[in-house]
Amino acid sequence: MWLVLSLALPGELALAQSTAQASARQKAIADLKLVAYAGDVSAQVQLGVIYLTGDGVAKDDVEAVKWLRKAADQESPLAERYLAEMYFKGRGVSVDNREAAKWLRMAADQGDAQSQHNLAVLYTQGEGVPRNLKEAANWMRKAADQSFAAGQQGLGVLYENGDGLAEDPTEAAKWYQKAVDQNYVPAMNSLALLMANSREPSVRNPEQAIALAMKAVGSGSNPDYINTLAAAYFADGQNEKAVETEEKALARDPENDSYKKAMQKYLAAARSNK
């Protein structure tokens, strides 16, 4: 017996291990179901996510909603947030933004930072709730005060645009920086753009904007980040660099009118310097 095992082909051995792992996974899910049926909230959430992702079971959004609702009915903020997402996306239930907002508000009221941020976005957009920028700022601050990076970024945006709050570029930069300190890439982009374009002397810093924008560009393929880098080069007086960089943004998104307009500005500036 030991000799046979030692001669097993790698593929056969992997198959045996895979079968054993699958069997163990099925046993774990069966045990989880027993605990979930007994009313354990954590198990109900886990089971809902398993059906949502198809991890060890056939993907089943209706079954996922069933278990998430059981946990949400026991005031699990995580389940409430997941359930809200199901209503927003129409997975396992019909799309219903008001119902989604209702569950999200329940989770936000319990202090779930992600839900507070998401609810703020709903108030900004007027989806599932009446558009209310002051209420958006209220919930975004709650998320930001919990050091939730997306909440810090969102609060910075509200301060920069004067949405629900007095416009304040210095305060916007402060909140963007808090998110940047957590390596949150969207905040790097926002802060870089603010530093490039702001008229506030204490905020404007084209050189630092270039450094931040380069870091954002290096962290992903979002053409908006490349566009921001071009703006930073332009703010620093590097017009040819701005043109070269904007070309890269346009290569990613050729029909973007904002990029086209920026390119015309940079080209005009570069030509005037010759």
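The values are calculated or read from the model by the stated rules, or taken from the named source; none is laboratory data. This one's a predicted model, so the numbers in the text were calculated from it and none came from an experiment. So basically every Cβ, Gly included, is an ideal-geometry build from the backbone, and we count neighbours across all protein chains shown. The protein model used for the area step is the full one, side chains on, heavy atoms only, and it has no ligands, DNA or RNA in it. Shrake-Rupley method; radii C 1.70, N 1.55, O 1.52, S 1.80 Å.
Tabulated values for the structure
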{"quantity": "Number of positions in the range 136-173 that are in a helix (DSSP H, G or I), open to solvent by 50 Å² or more (accessible area, probe 1.4 Å) and either within 22 Å of Trp103 (Cα to Cα) or modelled with pLDDT under 95 (or both)", "calculated": "3"}
{"quantity": "Single match in Ala100, Ala107, Ala84 (criterion: touching a Pro at 6+ places or on another chain (Cβ under 6 Å), within 24 Å of Arg141 (Cβ to Cβ) and part of a helix (DSSP H, G or I))", "calculated": "Ala107"}
{"quantity": "Filtered residue count, the range 217-238, keeping only those that are surrounded by fewer than 21 Cβ atoms within 10 Å (Cβ to Cβ) and in a helix (DSSP H, G or I)", "calculated": "3"}
{"quantity": "Residue in the range 52-91 that is modelled with the lowest pLDDT, counting only those that are open to solvent by 30 Å² or more (accessible area, probe 1.4 Å) and among the hydroxyl-bearing types (Ser, Thr, Tyr)", "calculated": "Thr53"}
{"quantity": "Number of the exception - Arg105 against (1) under 15 Å from Val129 (Cβ atoms); (2) open to solvent by less than 70 Å² (accessible area, probe 1.4 Å)", "calculated": "(2)"}
{"quantity": "Asp31 being open to solvent by 40 Å² or more (accessible area, probe 1.4 Å), more than 21 Å from Arg81 (Cα to Cα) and of a type in the set (Asp, Glu)", "calculated": "yes"}
{"quantity": "Matching residues, the range 184-216, being touching a Ser or Thr at 6+ places or on another chain (Cβ under 8 Å), open to solvent by 10 Å² or more (accessible area, probe 1.4 Å) and in a helix (DSSP H, G or I)", "calculated": "Val185, Asn189, Leu193"}
